[in-house]
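Inspection log for the structure reproduced underneath, given as structure tokens.
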Amino acid sequence: MQLSFCDSPLDHAGLQRSDPAWMARQRAHPQGRAVLFAGGSLALADDGSPMVLPAGIASGLALKWPGLIFIGLQDGAPWFAGALEQDVAGRGPDFRMTAMHLPPELACIFGRARSILMWSGRRRFCSNCGAKNEPIDGALRLACPSCGMEHYPRTDPSIILLPYSGARCVMGRQPGWPPGMYATLAGFVEPGETLEAACARETAEEVHLKVLRTEYVANQPWPFPSSLMIGFLAEVEDGEVRPDDDLEDARWFTRDEVRDLYDGVMAQWAPKHFSISRLLIERWLGRDAGATS
Ligand SMILES: [Zn+2]
């Protein structure tokens, strides 16, 4: 299964982008394009498609600080991203809904663009001294002229896991989810933790089960706003599932129950390729029903 937001076509040009002359050439590149956002969603053109303009035109629009950000090269042509100062265009639906149905390459490009825009939009002032930051390297780096601190776009590592024991797995649901929806467990990695320790802690906190063994499966950039989801299957001790207060419910599921759920009521909510949660579930379902690993 090809996951959304993976296998990006972008070259981030890490070796070139610190050269101001090179960056100036990219900003003047005749094939340069810019994707525009409005309030965290894609801005829409008159025909309802995502607003992608020649970079030269986009740079003349009223954009939020720091203006157009370089996000990479696709087949040698630069991509930029910007956030409209005002809603001069239509605003698309919630980006998560839009991204589900984008072509894979555009999902990668727009997802990276959104993560970086969300980061820079909250870093106008230095978090160390409060002075106004200055964008450098195509605005992929911010430098404080007062204290010298440099600020880089951040990615938050998160673990996402499917606990299982024998032929059953555990899934949970959060309040506010559509009726009948259940999914894997997930949480941010805390300072000082390994990924495996984060899996054990989250499982203990959320469903009060003990992890015996974790197995890494895959990872996925998740631009909501800027996480890296690191996916595991986690063998746990059999026992009573006691959901944490943050969960509305959590319980054991047999393989048949999981298939019925995902082929039935949940099939309408997201395409299979969209989330690593589904990949973990498919990986576990694909194993021999009698296997314990
Ligand atoms: Zn500073």
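Which whole-number percentage describes the relative contact order of region 156-285, with Cα contacts under 8 Å and a sequence gap of 6 or more? It comes to 33 percent, rounded to a whole number.
The residues of the chain expose, per residue, 48 Å² of accessible area to a 1.4 Å probe.
Cysteine residues of the chain whose Cβ has no partner cysteine Cβ closer than 4.7 Å: 6, 108, 169, 199. The trypsin sites (Lys or Arg not before Pro) of region 83-185 that DSSP puts in a loop, and whose beta carbon has at most 14 other beta carbons within 10 Å, are 122, 124, 154. The length gained on full extension between residue 259 and residue 129, counted as 0.36 nm times the residue separation minus their Cα-Cα distance, comes to 41.5 nm. Taking the accessible area of the chain, probe 1.4 Å, and keeping the other protein chains in place, the carbon and sulfur fraction comes to 51%. Note on the chain: dipole from Cβ charges, positive end direction compared against 227, 170, 23; the farthest Cα belongs to 23.
What the Cβ-Cβ distance of residue 177 and residue 28 gives, at R0 = 41 Å and to the nearest 0.05, is a FRET efficiency of 0.30. Loop sites here are GluC sites (Glu not before Pro) outside DSSP states H, G, I, E and B with no more than 11 other Cβ atoms within 10 Å. The longest part of the chain free of them is 1-236.
From the Cα gyration tensor of region 77-159, with a ≥ b ≥ c the square roots of its eigenvalues, which class applies: rounded if a/c is under 1.5, or else prolate if a/b is larger than b/c, or else oblate? Because a/c hits 1.5 or more and a/b exceeds b/c, region 77-159 counts as prolate. Distance between the C-alpha centres of region 24-45 and region 234-293: 39 Å, rounded to the whole angstrom. Classify region 156-285 as rounded, prolate or oblate from the Cα gyration tensor: take a ≥ b ≥ c as the square roots of its eigenvalues, call it rounded if a/c is under 1.5, otherwise prolate when a/b beats b/c and oblate if not. Verdict is rounded for region 156-285.
The slack between residue 15 and residue 152, meaning 0.36 nm per residue of separation minus the straight C-alpha distance, is 47.8 nm.
Nearest 5 percent is fine: what portion of the DSSP beta bridges confined to the chain is antiparallel? Antiparallel bridges make up about 75 percent of those DSSP assigns within the chain.
Please report, in debye to the nearest 20, how large the charge dipole of the chain is about its Cα centre when each Lys and Arg carries +1 at its beta carbon and each Asp and Glu carries -1 there.
Here the size comes out at about 1000 debye.
What percentage of all Cα-Cα pairs in the chain are separated by more than 24 Å? Here the tail beyond 24 Å accounts for 57 percent of pairs.
The values are calculated or read from the model by the stated rules, or taken from the named source; none is laboratory data. In this text, all values refer to a predicted model and were calculated from it rather than measured experimentally. Because the Cβ atoms are built from the backbone with ideal geometry, glycine has one as well, and the counts that use them run over all protein chains shown. Just the protein is used for accessible areas: all its heavy atoms, side chains included, with ligands, DNA and RNA removed. Shrake-Rupley method; radii C 1.70, N 1.55, O 1.52, S 1.80 Å.
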